[in-house]
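Reviewing the structure listed below.
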Amino acid sequence: MSRKKRKTKKEKEIEYFKKLGSCFDEYKKIIIIEVDFVSAKQISELRKFLQEKAVILMGKNTKMKKVLKEKMKQNKKLSKLLPEIQGNCGLVFVKEGNLNKTFKIIQKAQKQQEKLKKEEKEKEEEEEEEEKETEKENTNEKTENQEKEQEEEETKGLKIKRVYNEGSIFHPSLLETTKEDMQQLLMDCVTNIQVLNTQYKFRSIMSNAIETVLAVKIGLGLKPTLVEEC
């Protein structure tokens, strides 16, 4: 029985470029994640949770940027992703209709990781307290180093950096915005537009602005207010 031939480094690289390129072509929604001090096991678990909804691709930034720049020639909107590929990051290519679900799954994984880090930190603090009883020399120096390490650790772990959606890039907190929040925001916009319209008589500009707001509200399934219908 013949052994399966192992792929060379060059073959693996070509395969990676091909897969990443096809993902940029196929998927219109991408979540950029930060993976500082995230283990391969944690990424593997996240892949399992997202199996039906998204594809996670990791890799060197230089390789990701190389593929991205090639795809930017066909789709200029992808250029907004370029500044986001820095540090230890990964790309989560989201299948159509699964953006919010994928976001929530990653958020859940992030919270679980934070919980584990907290438990580990508490355990370490307990051990340090025991050590202090038997070792009191160089206490100040150790405390300063520990505080510095602690600050660095708190900024590391699985995080959602940005969300790309068909040419738009925004902070992940926008995905947590409720329908009520959006309705209130749009109502405030309409009120401000009406005030400007009354004061400065920018009737044609204001009419277009109100029409735009109305279109957004109807698209979200929200009812127009009385002031908008006038």
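Within the range 13-29, is there a residue that is of a type in the set (Ser, Thr, Tyr) and farther than 24 Å from Met72 by Cβ?
no
Being crowded, with 17+ Cβ neighbours inside 10 Å and not in a helix (DSSP H, G or I) is the filter here, so list the residues in the range 73-94 that pass it.
Hits for the range 73-94 are Ile85, Cys89, Gly90, Leu91, Val92, Phe93, Val94.
Does the range 113-121 contain any residue that is modelled with pLDDT under 95, touching an Asp or Glu at 6+ places or on another chain (Cβ under 9 Å) and either surrounded by fewer than 14 Cβ atoms within 10 Å (Cβ to Cβ) or more than 19 Å from Arg162 (Cα to Cα) (or both)?
yes
Checking Glu70 against (1) free of Cβ contacts under 8 Å to residues at least 40 places away in the same chain; (2) assigned to a helix (DSSP H, G or I); (3) assigned by TED's automatic domain parsing to the domain that holds Tyr16, which test does it fail?
Tallying (1) free of Cβ contacts under 8 Å to residues at least 40 places away in the same chain; (2) assigned to a helix (DSSP H, G or I); (3) assigned by TED's automatic domain parsing to the domain that holds Tyr16, Glu70 fails exactly one: (1).
Give the residue that is farthest from Asp25 (Cα to Cα), with candidates limited to residues of the range 122-168 that are charged (D, E, K, R) and at pLDDT 80 or above. If you could, list the steps in order and put the result at the bottom.
Step one: of the range 122-168, the residues charged (D, E, K, R) are 122-133, 135-137, 141-142, 144, 147-149, 151-154, 156, 159, 161-162, 166.
Okay, now just the ones that are also at pLDDT 80 or above, so 159, 161-162, 166.
On the way: Lys159: 25, Lys161: 22, Arg162: 19, Glu166: 11 Å.
Ranking the qualifying residues of the range 122-168, first place goes to Lys159.
For the range 31-51, how many residues meet the condition of being touching a residue at least 40 places away in the same chain (Cβ under 8 Å) and not in a helix (DSSP H, G or I)? Spell out how you get there, then give the answer.
At the first step, the residues of the range 31-51 found to be touching a residue at least 40 places away in the same chain (Cβ under 8 Å) are 31-38, 42-43, 45-46, 49-50.
Going one step further and asking which of them are not in a helix (DSSP H, G or I), we end up with 31-38, 50.
The number of residues fulfilling the criteria is 9.
The values are calculated or read from the model by the stated rules, or taken from the named source; none is laboratory data. In this text, all values refer to a predicted model and were calculated from it rather than measured experimentally. Cβ coordinates were reconstructed from backbone atoms using ideal geometry, including for glycine residues, and neighbour counts include every protein chain displayed.
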